[in-house]
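First comes the structure, then the notes that go with it.
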Amino acid sequence: MMKRLTLAGLQQEKEAVLKQLAFFGAVEVHDAAPLASEEEAAQYKATSDAPQSNELRDDLDKLQGAIAALLPLAPKKGMLQAKPHITRQGMEDAIKNRESVVATAAEIMRIQRARLAIAPDTAKMQGQIEALTPWLSVDIPLGNTGTKLVDIVYGTIPALADMQALQAKLSDMDCCLTEISADQSARYCMVLFYRGSEDECMAVLREHYFSRVSLREYTLTPAEEVERLKTAIEQNGKDFDALTAELSQYIGDLSRLQELADTLSGRLAMSEIRNKLLVTDKAFFLTGFVPVDRIDQLEQGLSSFSVAIEYEDVTVEDDPPVLLKNSKLVEPFELVTEMYSLPVYGGFDPNSFVAVFFFIFFGIMLGDIGYGVIMIIIGMLLRKTEPEEGTFMARVSMIAILGGLSSCIVGFITGSLFGDILYQFTNTFTGTVINLKAYFNPLTNPMPMLFFSCGLGFVHLMIGTAIKFWLCLKEKDYLGAFADQGLWWLMFIGIGLIFVNTNVAFIVIGIACVGLVATQGRHKEGFLSKLWSGILSLYNITSWLGDVLSYSRLMALMLSGAVIAQVFNSIAVLLGPSFIGVIFFAVIALIGHSLATFLNVLGAYVHTSRLQYVEFFGKFYDAGGRAFDPFKVKTQYYKLISKEEK
Amino acid sequence: MFELNGIVFAMLGAALASGLAGTGSAMGCGVAGEAGAGVIAEDPSKFGATLLLQALPGTQGIYGTLMAFLVLNKIGAISGNFVTIDAATGLMLLFSCLPIAIAGWTSGYAQGKTAAAGIVMVGKRPSEAAKGMIYAAMVETYAVLALLISFLAFINIPV
């Protein structure tokens, strides 16, 4: 539950109070209420904090750029390493050196820019070398543009052009064409002609598709130019290495940069909050939402400041945020519910049920000790990064561990360890067959498994309707509770009684049918449409059937997982008992079961979620809440801890 | 030719299950992969999420192969010791393969298109990848149900 909070404090303590709130992370600040009148507005000062925000953003950009430049050079850290810790005091210390650290960052960025400019420069020169290569045998400097009477032009003629005809035509003119080199597509030619006959010469040349090549940018002979470019490229390479070395000297500063980046992003968040405050000369006002159960802590944290705090109850119209509260085992599964949608404010939190059934369904679908152990190991490795509680990583790792555990339990019952790998291996390679004891084998007893899956689904659905029933009672909608849920229960009881006593069963079903026809059209206008809606509602029995049968996927995925594993195992032992056979077995089993783990886990996750979202939530869930987003220091490189933990 | 051995029909069933369902998956993964490449061109960091979505239509092919393997195993094609079955039994095996062959083919392709749409969505809203996966899973339901019926039809055929 949330309360609306209005906090009034002294202007001189504003920064300290905001910092306290930021580290406390329990208040969602929202925009100050619009002021009633202009006179009232005149009492407040404009609170724009934009210049400071922009400055913070500039500094942050520099820091992030510098960090991005240094990270590829820094010694690689393992992927699964926990973030280092930083305290509030550590952040205060970091900000003291803001100017020098930002200056360092700017210097790093300058080096990095120079370093990154080298590659395009080198590429450009390589292009030039390529362009000069056909002209290498020209032995006059390219800067030579001819004499007073003779002009020099360079150009290409397509390889297919008739050179003899061209030469014949040119021989009558004051023009001399020399072929320098040729490749598949063109001839590279140098043309000398008398300046007075330029127009006619060029006209003839154009007829033969001569196109000029400008080499004006070069002054030396092509060979000398290429030599010069090669030296420059080499120099570029040396410069790049030198700059890289220069950059590497700053690697030691990486942690300082990261500390400051985290600190400044916290300051930026504070600066954005400041824009939401109402401020006078002496005081400031802050409004927001706070979870009821954290009010005591909040007051304690602010007890050293002269602040006045007022709490009001909130209603749904205030658009309060939703913060769920669940036990440690259930909390990770909030991830599953959040991917659908949060419950509306004050609505029913289904996570306890989601958690229990996710555990069961996931286990049945994956259903193998081997895959389960892999999940547990992956979950444990992810937890090594010490993710903060409530983050995606923390939740996923817990779900992986719990899902793996559940899968191991089911695998133990069905005697499944990477399918039948033990049997296949021992049968082929050792002679004495070892097999896991199967307390229940779904491959040989598919029908009981099918009934069990659908029965479990029916229980799941009934819990859904029971929740709806309870929610209706809470809202004093007794008719809704008994007509929409109760009558269907009566119907199912009747269907169940068919196996006991047909006459009683039909009477019960009849009562349920009459009741449904009488009540299900109650929101319609007019007798006929009421009756029609009532009759149509009986058709819902098919959707119930569909919902229950949908749980047969529990069995289908369990079977497919088991058979896929068996397929890989049977392929793996194909080469029989020999040294190569064992190698082959190891390789195929490793690849096969890696693939199978990926596919089975993906399938189990997706289909478990679907059963929750479509079948279960469809029966009662009121979705559409907005997540609680408290004002809080969010760090990227460090984990913020309070002093006591240190 | 008149004394048809049922093995032929069983073989046809296995071939259809693996071949048709595999075709559906191949088309589905193909469509999804094309969409994925488009998204990656803009932002390579979304490779993980798009790959998960692309993998979803791949399951039909596995279901089909799985059914084919069960049939081949039953008639002894894998060990090489073929059993002798009459034409009726062979036809039963063939028909038991049809649900996953047909539904695998069509649902694989349809799921691929849904997954492709989900991948495009990931390009714009990476946080909603899970919802795209659920949409795709809705399509897969019918491949799962077909596999179930194929399996139930197959499991007690006497050989």
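Scanning the range A:428-447 for residues that are open to solvent by 70 Å² or more (accessible area, probe 1.4 Å) and within 14 Å of another protein chain (Cβ to nearest Cβ) turns up A:Thr444, A:Met447. When A:Leu366, A:Leu302, A:Leu277, A:Leu298 are checked against the criterion of being farther than 30 Å from A:Ala466 by Cα, crowded, with 19+ Cβ neighbours inside 10 Å and touching a Ser or Thr at 6+ places or on another chain (Cβ under 7 Å), A:Leu277 stands alone in meeting it.
Each row is one residue, and each column tells you yes or no for (1) open to solvent by 70 Å² or more (accessible area, probe 1.4 Å); (2) closer than 19 Å to A:Ser181 by Cα; (3) among the acidic types (Asp, Glu).
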residue	(1), (2), (3)
A:Ala117	no, no, no
A:Val138	no, yes, no
A:Ile152	no, yes, no
A:Asp162	yes, yes, yes
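When B:Thr50 is tested against (1) crowded, with 20+ Cβ neighbours inside 10 Å; (2) more than 14 Å from every other protein chain (Cβ to nearest Cβ); (3) farther than 27 Å from B:Ile102 by Cβ, just one condition goes unmet, and that condition is (2).
The single residue among A:Ile409, A:Ile463 that is open to solvent by 60 Å² or more (accessible area, probe 1.4 Å), modelled with pLDDT of 95 or more and more than 27 Å from B:Ser150 (Cα to Cα) turns out to be A:Ile409.
Filter the range A:191-214 down to residues that are of a type outside the set (Val, Ile, Thr) and buried (at least 19 other Cβ atoms within 10 Å of the Cβ) and give me whichever is nearest to the chain's Cα centre (by Cα). Only one residue tops the list, namely A:Phe210.
Kindly evaluate B:Ser127 against the criterion of being closer than 21 Å to B:Gly19 by Cα and among the polar types (S, T, N, Q). No; evaluated as a whole, the condition is false for this residue.
On inspection, A:Gly143 passes the criterion of being in contact with a Leu (Cβ under 8 Å, 6 or more places away or on another chain) and in contact (Cβ under 8 Å) with a residue 60 or more places away in the chain.
Among residues of the range A:98-126 that are within 16 Å of A:Gly237 (Cβ to Cβ) and in a helix (DSSP H, G or I), those with a Cβ under 7 angstrom from a residue that is open to solvent by 40 Å² or more (accessible area, probe 1.4 Å) and aromatic (Phe, Trp, Tyr), sequence gap 6+ or separate chain, pair up as A:Arg115/A:Phe240; A:Ile118/A:Phe240. In the range B:6-22, the residues that are part of a helix (DSSP H, G or I) form Cβ pairs under 6 Å with partners that are among the β-branched types (Val, Ile, Thr), at six or more places apart or across chains, as follows: B:Ile7/B:Ile75; B:Ala10/B:Val71; B:Ala10/B:Ile75; B:Gly13/B:Val71; B:Ala14/B:Val71; B:Ala17/B:Ile100; B:Ser18/B:Thr65; B:Ala21/B:Ile100.
Just one of the listed residues (B:Ala101, B:Ala110) is more than 14 Å from chain A (Cβ to nearest Cβ), in a helix (DSSP H, G or I) and open to solvent by 20 Å² or more (accessible area, probe 1.4 Å), and it is B:Ala110. Looking across the range A:567-593 at every residue that is open to solvent by 40 Å² or more (accessible area, probe 1.4 Å) and of a type in the set (Phe, Trp, Tyr), the one that is nearest to the other protein chains (Cβ to nearest Cβ) is identified as A:Phe568. Got at least one residue in the range B:76-94 being among the polar types (S, T, N, Q), within 12 Å of another protein chain (Cβ to nearest Cβ) and in contact with a helix residue (DSSP H, G or I) (Cβ under 9 Å, 6 or more places away or on another chain)? Among the residues of the range B:76-94, at least one is among the polar types (S, T, N, Q), within 12 Å of another protein chain (Cβ to nearest Cβ) and in contact with a helix residue (DSSP H, G or I) (Cβ under 9 Å, 6 or more places away or on another chain), which makes the answer yes. Scanning the range B:118-140 for residues that are open to solvent by less than 10 Å² (accessible area, probe 1.4 Å) and under 18 Å from the mean Cα position of the chain (by Cα), we see that the one that is nearest to the other protein chains (Cβ to nearest Cβ) is B:Ala137. When A:Met339, A:Met375, A:Met380 are checked against the criterion of being open to solvent by 60 Å² or more (accessible area, probe 1.4 Å), under 24 Å from the mean Cα position of the chain (by Cα) and either modelled with pLDDT under 85 or farther than 20 Å from A:Phe617 by Cα (or both), a single residue qualifies: A:Met380. Residues in the range A:594-628 that are open to solvent by 10 Å² or more (accessible area, probe 1.4 Å), among the hydrophobic types (A, V, I, L, M, F, W, C), under 22 Å from A:Ile463 (Cβ atoms) and within 12 Å of chain B (Cβ to nearest Cβ): A:Val614 only.
The values are calculated or read from the model by the stated rules, or taken from the named source; none is laboratory data. All figures in this text were calculated on a predicted structure; none of them were measured in a lab. Because the Cβ atoms are built from the backbone with ideal geometry, glycine has one as well, and the counts that use them run over all protein chains shown. Just the protein is used for accessible areas: all its heavy atoms, side chains included, with ligands, DNA and RNA removed. Shrake-Rupley method; radii C 1.70, N 1.55, O 1.52, S 1.80 Å.
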